[in-house]
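Scroll down for the structure; my scribbles are underneath it.
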Amino acid sequence: MGVSLRKIDEENWRECIHLMVGEDQKRFVATNENGLALAYAHKEMEPRAIYDDDVMVGFLMYACDPDDGRYYIPRFMIDEKFQRKGYGRQAMKMLLDFLRDEKIGLVDIIHKPDNEVAIKLYKSFGFELTEDTLDDDVISSVKLNSV
């Protein structure tokens, strides 16, 4: 499996907006179209497609908050056809390794409080639930480097 993270651009954005989670997961994650619109409006956001070789299997986005300089992950999804194959774990590892190499100290991830599958994945990478919230989402954090 050749998993990679690639920028979303004029060549692959249409493919990205067609990625979908299962019907039972739609309440946990906004559409990728919504995510790309956010990235268009907020230039600090970095949207990435998750690929296995040349097949797009998921989407993630990370950003540095321009107000406080804190890094966060507002979007993370694997298409329903590719779930439970290890892509989410590999993509999260790649993203966190990249941010660690960039000397980022702390990273937040925004998620629904009852998304048990995602929370299990995040906890496996050291994310811990904080008391912070954003609308009806909660925030978990992981320390990557001493700052």
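Distance cut-off 27 Å, Cα to Cα: go down the list LYS103/LYS123; LYS43/LYS93; LYS43/LYS112; LYS81/LYS143 and report the pairs above it.
With Cα atoms farther than 27 Å apart: LYS81/LYS143.
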> segment 22-51 to segment 59-98: how many Å between their Cα centroids?
Replying inline: 10 Å
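Rounded, prolate or oblate: which one fits segment 102-146, using the alpha carbon gyration tensor with axes a ≥ b ≥ c (rounded when a/c is under 1.5, else prolate when a/b beats b/c, else oblate)?
Since a/c reaches 1.5 but b/c is at least a/b, the shape of segment 102-146 is classed as oblate.
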> Does segment 1-41 classify as rounded, prolate or oblate by the C-alpha gyration tensor (a ≥ b ≥ c root eigenvalues; a/c under 1.5 gives rounded; else a/b over b/c gives prolate, otherwise oblate)?
Replying inline: oblate
>> Less than 11 Å Cβ to Cβ from CYS16, Lys/Arg counted +1 and Asp/Glu -1: what total charge do the surrounding residues give?
In response: 0
>> If the elastic network links every pair of Cα atoms under 10 Å, which of ASP135, ASP97, ASP54 fluctuates the most in the Gaussian network model of the chain?
In response: ASP135
> Taking only DSSP H segments of four or more residues, each worth -39500 (n - 2.57), what value at 222 nm results for the chain once the sum is divided by all its residues, to the nearest 500 deg cm²/dmol?
Replying inline: -7500 deg cm²/dmol
> In whole Å, what are the Cα extents of segment 3-143 along the three principal axes, biggest one first?
Replying inline: 36, 30, 27
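Values quoted throughout were computed directly from the atomic coordinates according to the rules given, and no laboratory measurement underlies them. Just so it is clear, the structure is predicted and the values come from calculations on it, not from any experiment. Virtual Cβ from ideal backbone geometry, glycine too; neighbours counted across all protein chains shown.
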